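Chemist: There's a structure below that I have some questions on.
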Amino acid sequence: ILATPAAVIAAMGRLAGTGILIKGGSVLEKLARVQAFAFDKTGTLTEASLEVGETWFANGNEDEIIRLAGSAESASEHPLGKVLVAFARGKGIALSTPAEFTALPGFGVRANLDNRAVLVGSLRLIQEQGIAIEPQIVSRLMEMESRGQTVLVIALNNKVESLIGVRDRIRPEAFGVINRLRAMGIQKFFMLTGDRETVARQVGQELGIDAIHAGLLPQDKQSVISEIARTEKVAMVGDGLNDAPAL
């Protein structure tokens with residue numbers, strides 16, 4: 001009668017001491033039956049300390065474009081938004097508060113600054129907004145992605161003005177975590193990311209991820225988890241707003 005509760009309480013106490021909070025004993029026991037793990041990519045399998053890589057600007061005036069994009073992202077919680085803010089401040093560019101701001105989970109952000117409509121996000125965001133993007137700009141974006149960068153597209157007043165590549169590094173501990181989980185009997189590993197497949201596949205192949213699901217919106221991640229759960233006990237590991245429905 002006492003053995004199981006004592007073990008659960010001891011385990012929860014030990015975990016709390018390392019900063020891990022468990023909702024209850026039943027949750028801890030369910031974890032023992034997990035057969036598969038699904039991971040978010042950015043900030044979970046990769047480091048949160050991102051850095052700007054290659055950049056492209058359509059018509060000069062780089063500091064002004066960076067100011068508007070950094071200001072638009074200043075209210076964002078996404079790691080990619082934060083790196084753009086840090087990039088602007090690192091150049092000594094003063095940022096301002098947007099008159100209007102909307103986070104578009106899985107896409108990017110939309111803001112109004114100095115009576116200009118600013119969009120910062122994925123190629124999919126630009127396409128969803130019906131903004132024309134020339135083939136040569138798409139080609140350049142794909143070249144940047146092929147070198148392992150996540151590319152942010154910046155549009156001002158419905159015109160694409162810049163591409164900013166963000167480099168990500170795999171967390172050094174990610175390799176050990178996945179190997180340890182395999183040794184503990186976890187059978188499958190999935191990656192669920194809003195990033196494009198070219199970038200996601202590079203990370204997934206390095207880590208030995210079994211299945212990569214890229215280009216996902218938050219509700220898409222939730223759908224993938226539901227589908228996996230039909231056949232396997234799955235745990236989701238994520239860190240942000242985009243992962244909330246899946247979690």
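The values are calculated or read from the model by the stated rules, or taken from the named source; none is laboratory data. Note that this is a predicted model, so its numbers are computed, not measured. In this analysis, Cβ positions are derived from the backbone assuming ideal geometry, glycine residues included, and neighbour counts consider all displayed protein chains. Please note that ligands, DNA and RNA were not included when accessible areas were found on the heavy atoms of the full protein model with its side chains. Shrake-Rupley method; radii C 1.70, N 1.55, O 1.52, S 1.80 Å.
Chemist: Given the conditions (1) in a helix (DSSP H, G or I); (2) of a type in the set (Val, Ile, Thr); (3) under 25 Å from residue 151 (Cβ atoms), and given that residue 178 satisfies all but one, which numbered condition is not satisfied?
Modeler: (3)
Chemist: Another question, then. Give the number of residues within the range 117-154 that are more than 15 Å from residue 58 (Cβ to Cβ), of a type outside the set (A, V, I, L, M) and not in a helix (DSSP H, G or I).
Modeler: Matching residues across the range 117-154 total 8.
Chemist: May I pose another question? For residue 114, work out the one condition from (1) of a type in the set (Asp, Glu); (2) over 24 Å from the mean Cα position of the chain (by Cα); (3) modelled with pLDDT of 90 or more it doesn't fulfil.
Modeler: The number of the failed condition is (3).
Chemist: A further question follows. Those residues that are touching a helix residue (DSSP H, G or I) at 6+ places or on another chain (Cβ under 6 Å) and open to solvent by 60 Å² or more (accessible area, probe 1.4 Å), I need them from the range 51-76; list them, please.
Modeler: Passing the criteria: only 54.
Chemist: Still on this structure, please answer the following. Does residue 80 satisfy the criteria of being open to solvent by 20 Å² or more (accessible area, probe 1.4 Å) and either within 19 Å of residue 42 (Cβ to Cβ) or at pLDDT below 95 (or both)? Talk me through it step by step, then tell me what you get.
Modeler: Values: open to solvent by 20 Å² or more (accessible area, probe 1.4 Å): yes; either within 19 Å of residue 42 (Cβ to Cβ) or at pLDDT below 95 (or both): yes.
Considered against the rule, which asks whether it is open to solvent by 20 Å² or more (accessible area, probe 1.4 Å) and either within 19 Å of residue 42 (Cβ to Cβ) or at pLDDT below 95 (or both), residue 80 comes out as yes.
Chemist: Could I ask something else about it? So for the range 92-109 (the condition being open to solvent by less than 70 Å² (accessible area, probe 1.4 Å), part of a helix (DSSP H, G or I) and under 20 Å from residue 45 (Cα atoms)), does at least one residue qualify?
Modeler: No, because not a single residue in the range 92-109 is open to solvent by less than 70 Å² (accessible area, probe 1.4 Å), part of a helix (DSSP H, G or I) and under 20 Å from residue 45 (Cα atoms).
Chemist: Could I ask something else about it? Scan the range 230-247 for residues that are open to solvent by 60 Å² or more (accessible area, probe 1.4 Å) and either hydrophobic (A, V, I, L, M, F, W, C) or under 19 Å from residue 174 (Cα atoms) (or both) and report the count.
Modeler: Here the count works out to 3.
Chemist: Out of the residues in the range 83-96 that are of a type outside the set (Val, Ile, Thr) and touching a residue at least 12 places away in the same chain (Cβ under 8 Å), state the one that is nearest to residue 111 (Cα to Cα).
Modeler: 96
Chemist: Mind checking which residues of the range 164-181 are basic (Lys, Arg) and open to solvent by less than 90 Å² (accessible area, probe 1.4 Å)?
Modeler: 171
Chemist: Looking at the range 77-91, is at least one residue over 17 Å from residue 150 (Cβ atoms) and not basic (Lys, Arg)?
Modeler: Kept after step one, since they are over 17 Å from residue 150 (Cβ atoms), are these residues of the range 77-91: 88-91.
Filter again for not basic (Lys, Arg), leaving 88, 90.
Yes, there is a match, as at least one residue in the range 77-91 is over 17 Å from residue 150 (Cβ atoms) and not basic (Lys, Arg).
Chemist: Of everything in the range 124-137, what is more than 15 Å from residue 159 (Cβ to Cβ) and either buried (at least 16 other Cβ atoms within 10 Å of the Cβ) or of a type in the set (S, T, N, Q) (or both)? Give them in sequence order. Show your work before the answer.
Modeler: The initial filter retains those residues of the range 124-137 that are more than 15 Å from residue 159 (Cβ to Cβ), namely 124, 128, 135.
Scanning the range 124-137 gives a single hit, 124.
Yes/no per residue for (1) in contact with a helix residue (DSSP H, G or I) (Cβ under 8 Å, 6 or more places away or on another chain); (2) at positive phi; (3) charged (D, E, K, R):
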position	(1), (2), (3)
89	yes, no, yes
92	no, yes, no
100	no, no, yes
105	yes, no, no
108	yes, yes, no
114	yes, yes, yes
119	yes, no, no
122	no, no, no
127	no, no, no
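Chemist: If a residue must be at pLDDT 90 or above and in a helix (DSSP H, G or I), how many such residues does the range 196-217 contain? First the steps, then the outcome.
Modeler: Pass one, the range 196-217, residues at pLDDT 90 or above: 204, 207-214, 216.
With the extra rule that they be in a helix (DSSP H, G or I), the set shrinks to 204, 207.
Here the count works out to 2.
Chemist: Continuing with the same structure: Within the group 161, 173, 134, which residue is among the acidic types (Asp, Glu) and within 21 Å of residue 240 (Cβ to Cβ)?
Modeler: From the options 161, 173, 134, the qualifying one is 173.
Chemist: Further question: Residues in the range 140-175 that are over 28 Å from residue 207 (Cα atoms) and among the polar types (S, T, N, Q): how many?
Modeler: 3
Chemist: Continuing with this model, one more query. So which residues in the range 218-247 are free of Cβ contacts under 8 Å to residues at least 12 places away in the same chain and part of a helix (DSSP H, G or I), if there are any at all?
Modeler: Residues satisfying the conditions are 223, 226, 227.
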